[in-house]
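The values are calculated or read from the model by the stated rules, or taken from the named source; none is laboratory data. A quick note: this is a predicted structure, and the numbers were derived from the prediction, not measured. FYI the Cβ positions are ideal-geometry reconstructions off the backbone, even for glycines, and counts take in every protein chain you see. SASA here: full protein model, heavy atoms, side chains in, ligands and nucleic acids out. Shrake-Rupley method; radii C 1.70, N 1.55, O 1.52, S 1.80 Å.
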Amino acid sequence: MSIAKILEIALKTGRVTRKYPYEPPLLTSEFRGAVRIDPSKCWGCGACVKICPPNALALRNSGKEATLEYFVGRCIFCGMCAEVCPAKAIEVTKEFELSSTSLENLKSRVIHRLTRCSSCGSLVWTEAELKSVVKSSPIAEEYAVLCPKCRKSKFARAASIRIGVGSE
Amino acid sequence: MSSVNIARALKAIKRSIWVYHLNSGSCNACDIEILDALTPYFDVERFGIKLVGSPRHADLILLTGPVTRESLPKVVRAIKAMPRPRLILALGSCGVGGGIWWDTYSTIGGFKKLEDILRENGVEVDRVVYVPGCPVRPEAIIYGILLLLGVVEQKVKKVEVVASES
């Protein structure tokens, strides 16, 4: 190809180079970036932890509190966590400028306080999950504060009294 | 080993940083994005960034992939061959945290473990920038290099929120 022809094509095309850090990037509507967890909506149920393919989301139980940790450095930006979240707390953003000089800056944590069973005192679930369950079905309130074992025995006692077996 | 004044060295290479592309068993997505960043569309030569064929000529290594067991000795050798200061850009989910191969038998999983192995072998790394993305966007690669050179500010930071208080 002659230089004249190349010049002709170049002049017709004009400048194509993006001036990226000095102008906004080209992001399509389908682009998925880092996810953001809304701490006011999150229950700490762990559905996102189960679905996450690379374990970028992890739920750690320290005995006093449960910590939902999101490590963006391992995230593959599939958006599955946002799909399965029952509380709609996870939102897929368009953030991609996630570069960092330390791994600690790539982590975000949501800390949940755990509730104890009102009869035996063992750990049951997070405060936020208890609140949301009681809100959706108010009848269960006296059962919701119990651990599964105490709940079962309480229900069995109540049922046996009702049908008259083993009472007195 | 003599200590290196990183700030002085970074100032010297700020306008002409030569990069070496080191693929340690990645799926080629990040590698294609690196190639994309070198095309006239993104044109990293605006910042004096140039791709070189040997780690001995390089200021910066673009490390992609989760570092498979097979490639580990070669990766260590390539990083060892680099002159000081050794600057590394860990690219993609695999390069930063191991990606979906974070606990498989055939990869070492993440840059943190590679750093430990490098330290055992007596190879010091002066500065690392982690660039997450799967694959990384060409803009994210440019952003990562500019963060290393101190041209742009870091946007992410550690977040810790107690759920019931908010």
query: What does a probe at B:Asn5 reach in the range B:80-96, counting residues whose amide N is under 15 Å from the point 7 Å along Cα→Cβ?
result: B:85
- prompt: What is the local net charge at A:Phe96, summed over the other residues whose Cβ is closer than 12 Å to its Cβ (Lys, Arg +1; Asp, Glu -1)?
  reply: 0
query: For the range B:6-149, what is the charge dipole size about the Cα centre, in debye to the nearest 20, if Lys and Arg each add +1 at the Cβ and Asp and Glu each add -1 at the Cβ?
result: 600 debye
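With a sphere of radius 10 Å drawn around the Cβ of B:Pro85, what net charge do the other residues whose Cβ falls strictly inside it have (Lys, Arg +1; Asp, Glu -1)?
Computed value for this residue: +1.
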query: Once you average over the residues of B:34-40, how many Cβ atoms of partner chains fall within 10 Å of each Cβ?
result: 1
- line: With x for Gly and Pro, the residue-by-residue ³J(HN,Hα) of the range A:93-108, computed from phi through the Karplus equation 6.51 cos²θ - 1.76 cosθ + 1.60 at θ = phi - 60° and given in whole Hz, is 9, 9, 6, 9, 7, 10, 4, 8, 8, 9, 5, 5, 6, 8, 9, 10
statement: In the range B:82-107, accessible area falls by at least 10 Å² from chain alone to full assembly (1.4 Å probe) for B:Ser93, B:Val96, B:Gly97, B:Gly99, B:Ile100, B:Trp102
task: Sequence neighbours fewer than 8 away in the same chain don't count; with that in mind, list the aspartates and glutamates whose C-alpha is under 20 Å from A:Lys149.
output: A:Glu127, A:Glu129, A:Glu141
field: Apportionment of accessible area to carbon and sulfur, chain A, percent (1.4 Å)
entry: 58 percent
query: B:Cys30: net charge of surrounding residues, Cβ under 13 Å, Lys/Arg +1, Asp/Glu -1, itself excluded?
result: -2
message: Past 20 Å, Cα to Cα: identify those pairs from B:Lys11/B:Lys157; A:Lys19/B:Lys11; A:Lys64/A:Lys131, in the order given.
response: B:Lys11/B:Lys157; A:Lys19/B:Lys11
message: Please list, ordered by chain and number, the residues whose modelled amide H lies under 5 Å from the amide H of B:Val162; skip anything fewer than 5 residues away on the same chain.
response: A:Ile111
query: Going by a ≥ b ≥ c, the root eigenvalues of the Cα gyration tensor, does chain B fall in the rounded group (a/c under 1.5), the prolate group (a/b larger than b/c) or the oblate group?
result: rounded
message: What does the buried accessible surface come to for A and B, summed over both chains, with the probe at 1.4 Å? Round to 100 Å².
response: 3800 Å²
task: Heavy atoms only, probe 1.4 Å: what % of the accessible area of the range B:78-164 goes to carbon and sulfur, would you let me know?
output: 50 percent
message: Could you tell me the center-to-center distance, by alpha carbons, between the range A:21-52 and the range B:1-37 in angstrom?
response: 28 Å
message: Per residue, how much accessible surface does the protein assembly as shown expose to a 1.4 Å probe? Answer in Å², no decimals.
response: 56 Å²
- prompt: About its Cα centre, what dipole magnitude does the protein assembly as shown give when the only charges are +1 on Lys and Arg Cβ and -1 on Asp and Glu Cβ, stated in debye to the nearest 20?
  reply: 340 debye
task: Note the direction-averaged projected area, equal to a quarter of the hull surface, for the Cα convex hull of the range A:18-167, in nm².
output: 12.3 nm²
query: If you build a Gaussian network model of chain A, linking Cα atoms that sit under 10 Å apart, which residue out of A:Arg113, A:Arg60, A:Arg18 swings the most?
result: A:Arg18
statement: XL table A:Lys41/A:Lys107; A:Lys12/A:Lys94; B:Lys80/B:Lys155; Cα-Cα > 24 Å flagged, in table order, is A:Lys12/A:Lys94; B:Lys80/B:Lys155
- prompt: Based on the Cβ-Cβ distance from B:Val52 to A:Val133, what FRET efficiency comes out when R0 is 56 Å, to the nearest 0.05?
  reply: 0.40
task: Can you run the Rg to Rh ratio on the protein assembly as shown? Use alpha carbon positions and the Kirkwood inverse-distance Rh.
output: 1.13
